[in-house]
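Data block below; observations after.
Only the coordinates and a few stated rules stand behind these numbers; no lab work does. All of these numbers come straight from a predicted model, not from anything done at the bench. Cβ placement follows ideal geometry from the backbone for every residue including glycine, while neighbour counts extend to all protein chains displayed.
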């Protein structure tokens, strides 16, 4: 399990590095266009939605990612897909942290709180998929229930992080726009 966690951590950190590299490869005009687009869309978003909606949207996004990781852990061919999901999570995090770093460091740091959640979920999914592939399951239903329970705990943690992120993000976005 330690190897899986280390591998997923390296995978997500490499994704972050590539995301940062992609941000710095943007030309100045592309960066300004992206900031203008982001500013306009945030102005429209902040004007029409409240804190509860922001929390719900953040939780819904995280829940979908966790559900995707959960199902990839059950699928026999899910391990390569898990690695792709983890890398793209790191890539988008690296890009957004560079982009938001100039706007709000706290907003960028809030996105980093989800890293342990995704690393833990991917590690659980890879270890469960390995158990299935090696056919080392004495009682498959019990292992599946245990796997599902761990993911429900991760969903609960995701909800708590989403609430914190939603409150902070809503306050920051109202001040920025």
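In plain terms, the residue of 65, 28 with the fewest other Cβ atoms within 10 Å comes first and the most crowded comes last, giving 28, 65. Rg over Rh for the chain works out to 1.03, using Cα positions for both radii and the Kirkwood form for Rh.
Using only alpha-carbon positions in the stretch 124-174, the gyration tensor eigenvalues give semi-axes of 36, 11, 4 Å once each is multiplied by 5 and square-rooted (largest first).
Run the numbers on the chain and let me know its relative contact order in percent, using alpha-carbon pairs under 8 Å that are six or more apart. Write out the running numbers ahead of the final one.
Working: 170 pairs, mean separation 69.9, N = 177.
Across the chain, relative contact order equals 39 percent.
Ordered by the count of other Cβ atoms within 10 Å of each Cβ, fewest first, 161, 82, 26, 149 give 149, 26, 161, 82.
Remark: the stretch 1-97 projects, on average over all directions, an area of 7.9 nm² (convex hull of Cα atoms). Counting only alpha carbon atoms, the long axis of helix 51-74 and the longest principal axis of the chain meet at about 30°. Relative to the longest principal axis of the Cα atoms of the chain, the long axis of helix 115-134 lies at roughly 30 degrees. Ranked by the mean number of other Cβ atoms within 10 Å per residue, highest first, peptides 29-37, 4-12 order as 4-12, 29-37. On C-alpha positions alone, give me the angle between the axis of helix 140-176 and the longest principal axis of the chain, in degrees, nearest 10. Taking Cα atoms only, the helix is inclined about 10 degrees.
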